[in-house]
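The values are calculated or read from the model by the stated rules, or taken from the named source; none is laboratory data. Just so it is clear, the structure is predicted and the values come from calculations on it, not from any experiment. Neighbour counts run over all protein chains shown; Cβ positions are idealised from the backbone, glycine included.
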Amino acid sequence: MERPYYPLSDFLKARFGCKVFKVSVDAGFTCPNRDGTRGYGGCVYCDPSTLAPQGFSAGMDVSAQLASGAEKVGKRHNAQKFIAYFQANTNTHAAVERLREIYSHVSRPEFVGIAVSTRPDCLGKDVLDLLCELKEQTHLWLELGLQTANDATLRRINRGHTALEFDDALGRAHERGIEVCAHVIIGLPGEGRDDVLNTIGFLASKKIWGVKFHQLQVIKGTALERMHRDGEVKVLGLEEYSGLVVECLEMLPRSTVIHRLCAETPGRFLVAPQWGANKFMVMDRITCLMAGRRTFQGALAGC
């Protein structure tokens, strides 16, 4: 059945003629918002250990992770083609020489592309030059964390950059012809419906290639866990979150690739909301809401 939004799986199947799955990689990067380059402590909601690839162990090099990940994902999904997803921490936060060496491990024939997750303050000219080189060799997209276009919220969550910095980084990537997927969090402290829709309107106006939605999740050991325990932060219920995602999808052009409708964190890390432990339930709820409202991605976008 055709879905009322444009999922990444459909984009990849159209691009490569078969199902393609991501294999997550932890290349040992840190974050400028943790190591003092930009700040300390990181974002209030973040614990990088929740992003460790399945079966990952400290010291496992990139090549070994790719081989192991392709074997596991291939067996699970009967897949033959993969995207190397550099996910954990900030994957352009290093000297270009080191980046070049790390990315060069993605030379296995079953890997048809690279996805690089990073921050807008870690996209200098030399990094973009390297990404352009990679783009000529394989399919590449950039995942760029925005979370919200509200600068007050960005300060509140200790994000360490502004919406203007995101806009600048996005513009420079677009000038190079690099496809960008923006990360957005719904339910951030102090934000309501208008803030969420303003963020989506901002991204839609920039003709963003892709969007990845996350619900605000309270992870054990983070600053957000203390805020939640002290009553400073409340998480959204499933119905409220799903309804907001539907409104966001209506605003995004039909050509915008939806990489994810919700976040999924292993239960051992998750404090709240518990409904976030089952992404398929959340996806089904969003799809059912759209069917019930007889709406679809782009319904309010005019394209």
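Could you please let me know if Arg76 is of a type outside the set (Gly, Ala, Ser) and touching a Gly at 6+ places or on another chain (Cβ under 6 Å)? Break it down into steps so the answer makes sense when it comes.
Details: of a type outside the set (Gly, Ala, Ser): yes; touching a Gly at 6+ places or on another chain (Cβ under 6 Å): no.
No: the conditions fail for Arg76.
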- request: Could you look through region 80-102, keep only residues that are touching a Leu at 6+ places or on another chain (Cβ under 9 Å), farther than 19 Å from Leu51 by Cα and not hydrophobic (A, V, I, L, M, F, W, C), and pick out the one that is surrounded by the fewest Cβ atoms within 10 Å (Cβ to Cβ)?
  value: Arg100
- prompt: Restricted to region 284-297, and to residues that are of a type outside the set (D, E, K, R) and within 12 Å of Tyr241 (Cβ to Cβ), which residue is surrounded by the most Cβ atoms within 10 Å (Cβ to Cβ)?
  reply: Ile286
- line: Given the conditions (1) assigned to a strand (DSSP E or B); (2) more than 28 Å from Gly302 (Cα to Cα), every one holds for Ala182 apart from (2)
message: I need every pair where a residue in region 83-99 that is within 29 Å of Phe16 (Cα to Cα) and modelled with pLDDT under 95 has its Cβ under 8 Å from the Cβ of a residue that is among the polar types (S, T, N, Q) and assigned to a loop (DSSP other than H, G, I, E, B), sequence separation at least 6 or different chains.
response: Asn89/Thr30
- prompt: How many of the residues making up region 200-217 are crowded, with 23+ Cβ neighbours inside 10 Å and farther than 20 Å from Glu179 by Cβ?
  reply: 3
query: If the Cβ limit is 6 Å and pairs must be 6+ apart or interchain, which residue in region 19-46 that is within 14 Å of Ala115 (Cβ to Cβ) pairs with which residue that is assigned to a loop (DSSP other than H, G, I, E, B) and polar (S, T, N, Q)?
result: Ser24/Gln87
field: Subset of region 149-177 (residues that are under 13 Å from Pro120 (Cβ atoms), in contact (Cβ under 8 Å) with a residue 24 or more places away in the chain and either under 16 Å from the mean Cα position of the chain (by Cα) or surrounded by 21 or more Cβ atoms within 10 Å (Cβ to Cβ) (or both))
entry: Ala149, Arg159, Gly160, His161, Phe166, Ala169, Leu170, Ala173
task: Go through region 203-234 and give me each residue that's closer than 16 Å to Gln297 by Cα and not basic (Lys, Arg).
output: Leu203, Ala204, Ser205, Ile208, Trp209, Gly210, Val211, Phe213
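Being modelled with pLDDT under 95 and basic (Lys, Arg) is the requirement here; does Lys13 meet it?
Values: modelled with pLDDT under 95: no; basic (Lys, Arg): yes.
Here the answer is no, as Lys13 does not meet what is asked.
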message: Condition check: assigned to a loop (DSSP other than H, G, I, E, B) and over 22 Å from Glu247 (Cβ atoms). Does Gly177 satisfy that?
response: yes
- prompt: What number of residues within region 101-116 satisfy the criterion of being free of Cβ contacts under 8 Å to residues at least 40 places away in the same chain and either out of contact with any strand residue (DSSP E or B) (no Cβ under 8 Å at 6 or more places or on another chain) or of a type in the set (Ser, Thr, Tyr) (or both)?
  reply: 5
